[in-house]
Amino acid sequence: MPNTNSLANTSLTTAEQLAREELIDMVPYQSARRLFASADQTAGEEKIWLNANEAPGLGDYQLSANNINRYPDFQPESLINAYSDYAGLAKTQVLATRGADEGIELIIRSFCKAYQDSILICPPTYGMYAISAENHGANIVKVPLKPDVLTLDLNGLAQQVGKVNVVFLCSPGNPTGNLLPQEQIVAAVELFKNSAMVVIDEAYIEFSPEQTSAKLLSDYDNVIVLRTLSKAFALAGLRCGFTLANEDVITLLSKVIAPYPISAPVAEIASQALTSQRNIMTERVDVTNSLRDELSQWLQEQSWCQQVFTSNANFVLFRCSNDKVKTTVFDLLVANNILIRDQSKQQQLASCLRISIGNEQEIAKLKQVLTKQLSIS
Ligand SMILES: *Cc1c(COP(=O)(O)O)cnc(C)c1O
């Protein structure tokens, strides 16, 4: 008798036969690290990493492993105190997570029923909203940013009211760099009042802190703000982020998150970065903002550069005069051990590249290579 059990297909591994089908063809997030995993190991040559919006420079942190034999607090108190103080919110409005990426995942898992509910994104935008949604089995509705100005298409958003459970806005945007106008964010929150949670991803808000949407939490119950220590705080390797929301939302997310998401050493370092070392962050932000403005200005003066996007973050997005020029610029930098990020596959961003603002020497080296060696035929 023929075996009709699908597990009998021997050309597939057991894992491949059992896996959720949609995962087989899924492409994981192409992080800057993954894309240049081999470059990391090339011996001898120092790489200049300007492709992941990390901050340059190391902090100086003290670690005591006094209680390392014990489980940490679910939400370490010193850390929550430090962040609520920094954000000007109540402790009940703060959830610490393994990076802002975990916040994204928790929100989708908490508000979207798998294979039924949808999230809304506004491309070009940060890739993890779609990856987390796919992973969970949530549908993805796209309402692109308005061409050229890269602000919200509020009419487009209005058409999706009642059809989505979570709306992801990114301000300042990644990879675009611009802030969404405050009145547009408020309009979006109003539009989705009673029908969807509106998440404002503020991974880069330290570069223009007065523009935060955290103040909306007192007026609206459908607002969530995402923050991270990975960018302005120069702690990408720590994996620490924060979800800011009203208490009912935090209570809900607390049911979905792992029982000990923040390890004791992470809490120790993050608490120091947010208290005694906070001024180091604000000084770094000032330096980064001026380097960014200088680089934007310089790019504007280059004949091969067609457009420089306004940035309120620690990176600059620019459009090359055509795709061939884009490839030439990117490859020349790689040949000189300088890694930037190709954004040309994103909607509306043909021939676009993104440069993260490293330290002064790194940006000087990049300009020097492009000035001396770039030949566009
Ligand atoms: C870098 C980034 C994140 C992720 O931050 P982590 O805290 O490192 O997980 C989230 N959103 C945006 C827009 C980012 O650029």
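Numbers at a glance
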read-out	value
Virtual spin-label span in nm between I376 and L58, 7 Å along Cα→Cβ	3.9
Model label zone, Q348; criterion: amide N under 18 Å from point 7 Å along Cα-to-beta-carbon; scope the range 320-341	320
Solvent exposure of the chain as accessible area per residue, Å², 1.4 Å probe	47
Per-peptide average of other Cβ atoms within 10 Å, ordering 351-360, 286-295 highest first	351-360, 286-295
Antiparallel bridge percentage (DSSP; both residues within the chain; nearest 5)	50
Within the range 77-276, percent of DSSP bridges classed antiparallel, to nearest 5	35
Accessible surface of the chain, 1.4 Å probe, proportion on carbon and sulfur as whole %	50
Among 236-243, 250-257, 225-232, the order from most to least packed when residues are scored by Cβ within 10 Å on average	225-232, 236-243, 250-257
Sites N67 and E16 - FRET efficiency at Förster radius 41 Å, r taken between beta-carbons, to 0.05	0.45
Prolate/oblate/rounded call for the chain, Cα gyration tensor, a/c under 1.5 rounded	rounded
Förster radius 22 Å - calculated FRET efficiency between K255 and D219, Cβ distance, rounded to 0.05	0.30
Helix-only CD estimate at 222 nm, as mean residue ellipticity for the chain, using -39500 (n - 2.57) per DSSP H run (n ≥ 4)	-10500 deg cm²/dmol
Amide N of the range 130-155 lying under 15 Å from the label point, which is placed 7 angstrom from the Cα of Q116 along Cα→Cβ	137-139
The range 82-201, relative contact order [Cα under 8 Å, separation at least 6], %	23
Dipole moment magnitude, nearest 20 debye, the chain about Cα centre, only Lys, Arg, Asp, Glu C-beta charged	520
Potential lengthening between A364 and L332 on full extension [0.36 nm per residue; Cα-Cα distance subtracted]	10.0 nm
Listed pairs K231/K372; K142/K326; K142/K367 exceeding 29 Å between Cα atoms	K231/K372; K142/K367
Stretch gain in nm, segment V149-D286, where the contour uses 0.36 nm per residue and the Cα spacing is subtracted	46.8 nm
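The values are calculated or read from the model by the stated rules, or taken from the named source; none is laboratory data. Given the structure is predicted, the values throughout are model-derived calculations rather than measurements. All Cβ positions, even for glycine, are placed from backbone atoms using ideal geometry, and neighbour counts span all protein chains on display. In case anyone asks, the SASA skips ligands and DNA or RNA and just uses the protein heavy atoms, side chains included. Shrake-Rupley method; radii C 1.70, N 1.55, O 1.52, S 1.80 Å.
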